[in-house]
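A short worksheet on the structure shown next.
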Amino acid sequence: MDRQNWMGLLARARPADLAALLPDLPQSQWLRPPEVGAVMVQGRTGGSGAPFHLGEITVTRCSLQLTCGTVGHAHVQGRDRDHAHRAALVDALMQTGAAADLQARILAPLARIETDARAARAGRAQATKVDFFTLVRGEDA
């Protein structure tokens, strides 16, 4: 898994799930403590048309450095400082020799949780699907 994918997975993860998978936090030093701010979000007409400003969302970002010198960053939606802290820790740890263990112990379960949630949401949407059909009337024949 490349860095872009694991950072996206950590940002989309529910804070409670990440906290359950990473209860013990390794020692680190803040480069930028968790801070809350706003980011302008853009949309596109029809998904590929001209961009427009959709609005602002609240984000929390932080940067930290492990005792070995590895730096980790995180940007997460919302105001959860602990979520940003844990995501930055995992980002930093994934750049060390512990990457394989973290992949199996933290990232794989988060990916499974995300896949299951998407499947459940798709199932709920499928249950509301309506099929429209036209009957042939006598005068149309």
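Residue-level check: of (1) touching a residue at least 60 places away in the same chain (Cβ under 8 Å); (2) assigned to a helix (DSSP H, G or I), residue 75 misses just (2). Looking only at the stretch 31-75, count how many residues are of a type in the set (D, E, K, R), at pLDDT 95 or above and farther than 19 Å from residue 4 by Cα. Of the residues in that region, 3 qualify. Being in contact (Cβ under 8 Å) with a residue 24 or more places away in the chain and of a type in the set (Gly, Ala, Ser) narrows it down to one residue among 98, 117, 127, 111; which is it? It is 111.
Scan the stretch 1-50 residue by residue and report those that are among the aliphatic types (A, V, I, L, M) and touching a residue at least 60 places away in the same chain (Cβ under 8 Å). Before you say what the answer is, go through the steps one by one.
Here is the first cut: in the stretch 1-50, the residues among the aliphatic types (A, V, I, L, M) are 1, 7, 9-11, 13, 16, 18-22, 25, 31, 36, 38-41, 50.
1, 7, 9, 10, 11, 13, 18, 19, 21, 22, 25, listed by residue number.
Residue 57 passes every criterion in (1) in a strand (DSSP E or B); (2) more than 21 Å from residue 9 (Cα to Cα) apart from (2).
The values are calculated or read from the model by the stated rules, or taken from the named source; none is laboratory data. Keep in mind that this is a model prediction, so the values were computed, not measured. FYI the Cβ positions are ideal-geometry reconstructions off the backbone, even for glycines, and counts take in every protein chain you see.
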